[in-house]
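Everything below concerns the one structure shown next.
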Amino acid sequence: MTEPLPKISSFVLIDSAMLGGTEKILSMDEDTRPGWLIPVYKEDAASVSPLVIDIEAAHHAGQIDLMAALINAVRPQLHVSFIDTTLSHEALSQHLRHFILVRTEAGKELTLRFADCCILPALATFFSAAQWTTLAGPIVRWRVHQRDGMLTTLPQADAENTPVPTPFVLTDSQIDHLREAAAVDQLIANVQNMRYGHPLSGNPAQQHQWAGEARRMWWDAEHTDNAVLFSLVEAVFDTNGELLKHPGLPDILAQRNIAAICQDLRQAAIRH
């Protein structure tokens, strides 16, 4: 007789830090949170932890609506990925705990955002094959949300690779690539914070495109001052991205006087 195939279970991985915590949706106190939800971080950081949700268990508990509230808390659902695996709920949570931190070649410890759909594709690209196998090896299928709200499947790990010890030691090049992958999203968040909650124009996909193009132009103009970058991105958002088409924009950015650049950007945005 052939051995029965192992059961494949489906889980939701939530990056609750992208929600600003889960307090508005459910309590993360150990005694009151649902049994179908396991935080990856320790209890003192559970409210901002990646969360592993057992979909079948949530269904049996009659709490699909509560699970859906977490999944749909923000759009697009860049805080949500779906994992199919033969691991149990507890085993998957324990597996992910090995990847909370990574180390630089100099020995500095950094938090790894392995539940953030903005970062996950970069991990699949810039981790070594052995590192990706160590993280994704037990996962049959890992689907992540894109900025347009659609799901895409991450590359499957090569089972022939030998896993490596954790925490991973990442090269300076890997660190640079991962920081670059997060740079535009961080820029958008910084500009949003500067506007004290005033909404940015465009949908998330447009915002990322506009901010990325603005950052490229800032970089090509050999600027390093964030005041110029923030002023440029704000002006781009204030014009629904139209300022990027302004033929005089390269000349504005070619100036070396920061105050003059910021003033000219504001005036250009007003004219648009």
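Using a simple spin-label model with pseudo-atoms 7 Å out from Cα toward Cβ, K24 and R266 lie 3.2 nm apart. Projecting label points 7 angstrom from Cα along Cα→Cβ for T125 and I64 puts them 3.6 nm apart.
Contact order, relative form, for the chain: 14 percent (alpha carbon pairs under 8 Å, 6 or more residues apart, mean separation divided by residue count). Descending by average beta-carbon neighbour count within 10 Å, the peptides 15-25, 45-55 line up as 45-55, 15-25, the highest first.
Among the chymotrypsin sites (Phe, Trp or Tyr not before Pro) in the stretch 160-237, which ones are in a DSSP loop with at most 13 other Cβ atoms within 10 Å of the Cβ? Mind listing them? Numbers along the way, then the final one.
Working: sites: F168, Y196, W210, W218, W219, F230, F237; in loops: F168, Y196.
Filter output for the stretch 160-237: Y196.
Relative to the longest principal axis of the Cα atoms of the chain, the long axis of helix 226-238 makes an angle of roughly 90 degrees. Restriction of the trypsin sites (Lys or Arg not before Pro) in the stretch 208-272 to DSSP coil positions whose beta-carbon has at most 11 other beta-carbons within 10 angstrom yields R256. Return the label of the correct value of Kirkwood radius over Cα pairs in Å, as calculated from the structure shown, out of [x] 19.9; [y] 18.8; [z] 20.8. For Kirkwood radius over Cα pairs in Å, the calculated option is [z]. Annotation: amide H of V140 within the under-5 Å range of D84, T85, T86, sequence separation 5 or more or interchain, hydrogens built in the peptide plane.
Restricting the GluC sites (Glu not before Pro) of the stretch 200-255 to loop positions (DSSP other than H, G, I, E, B) with no more than 11 neighbouring Cβ atoms within 10 Å leaves E222. The angle between the Cα long axis of helix 204-220 and the main principal axis of the chain comes to about 50°, on a 0 to 90 degree scale.
None of the figures in this text is laboratory data; all of them are computed from the coordinates on show. These numbers were taken from a predicted model, which means no experiment stands behind them. For neighbour counting, all protein chains shown are included, and Cβ atoms are generated from backbone atoms with ideal geometry for every residue, glycine included.
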